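The values are calculated or read from the model by the stated rules, or taken from the named source; none is laboratory data. Keep in mind that what you see is a predicted model, and the values were worked out from it rather than measured. Cβ placement follows ideal geometry from the backbone for every residue including glycine, while neighbour counts extend to all protein chains displayed. For the accessible areas, the whole protein counts, side chains as well, though only heavy atoms, and no ligand, DNA or RNA atoms are used. Shrake-Rupley method; radii C 1.70, N 1.55, O 1.52, S 1.80 Å.
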Amino acid sequence: MRLGKRIFDCVCATALALLILPWIGWIAFRVWRQGDGPILYRAERMRGLDRPFTLYKFRTMSHHSREEIGVTGGDKIDRITPYGAKLRRRHLDELPQLWNVIRGDISFVGPRPPLREFTERFPEVYGQILNDRPGVTGLATLLYNNTEETLLAQCGTPEQTDETYCTRCIPAKARLDLFYQQKASFGLDLWIIGTTLRQIFSKEPSSRQVQKRKSSARAPVPLLTSS
């Protein structure tokens, strides 16, 4: 990771966290009032094939006694709380990741950190992608997030969610993440951050909130096979 980018991350994340601390406290209070689970959702993510870390988010789903497995698809929609849906609509559930940025687990811009199960199943893919430090946002997040939400929303079972994510989402996002690696620059990072903020504060309700209206799926991208 470039030293300049690391300094930028630390300074901006610390300043932003202090600036919006009252807002973070208010969100934490609202999540706590919902009951049924902790304020923060902690999940293992990978910043390298053998480098796990704990990612933090505000909890947006009702607490589940069983261990969470896989990505969130249509089979988990009913567990999203009313306030959690509002946080997801503007991606405010990801504000605790400022702490991950300060710690150096992730950067502001980079590929989204994957679950361990996917780095183990597709080490060739993530071995390349995770040459860059994962990020809060990135080119793949910016350009593919809504499509991914729509595709996964159509999945009614964990098995369907896994198949769709592995055969359609991972390949598409990997191409964008690798393109970012080739073109990475401070100017591109600023553009990604600025465009992400504009989308957050101007976008219509997230496709996850209207996902029960089944839309036609796009033609699949080339399949990945488990190693």
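Brief remarks on what is shown
- Alpha-carbon Rg with Dmax, taken over region 155-194, Å: 14.5, 41
- Fraction of accessible area attributable to carbon and sulfur, the chain (%, probe 1.4 Å): 58 percent
- Computed over region 96-156, the P(r) tail beyond 20 angstrom holds 36 percent of alpha carbon pairs.
- For the peptides 190-198, 53-61, residues were scored by their other Cβ atoms within 10 Å and the scores averaged per peptide; the highest-first order is 53-61, 190-198.
- Other residues with beta-carbon under 14 Å from the beta-carbon of Arg33 carry, at +1 per Lys or Arg and -1 per Asp or Glu, a net charge of +2.
- Remark on region 1-98: ratio of C-alpha radius of gyration to 2.2 N^0.38 Å is 1.21.
- Accessible area of the chain divided out per residue, in Å², using a probe of 1.4 angstrom: 54 Å²
- Relative to its Kirkwood radius, the Cα radius of gyration of region 133-204 gives an Rg/Rh of 1.03.
- Alpha-carbon gyration tensor eigenvalues x 5, square-rooted, for the chain, Å: 24, 24, 17
- Computed over the chain: relative contact order in percent, which uses C-alpha pairs under 8 Å that are six or more apart: 22 percent
- Across Lys57/Lys183; Lys5/Lys173; Lys86/Lys183; Lys76/Lys183; Lys5/Lys57, pairs whose alpha-carbon gap is larger than 27 Å: Lys57/Lys183; Lys86/Lys183; Lys76/Lys183
- Net +/- balance of residues flanking Ile129 in space, Cβ distance below 12 Å, scoring K and R +1, D and E -1: +2
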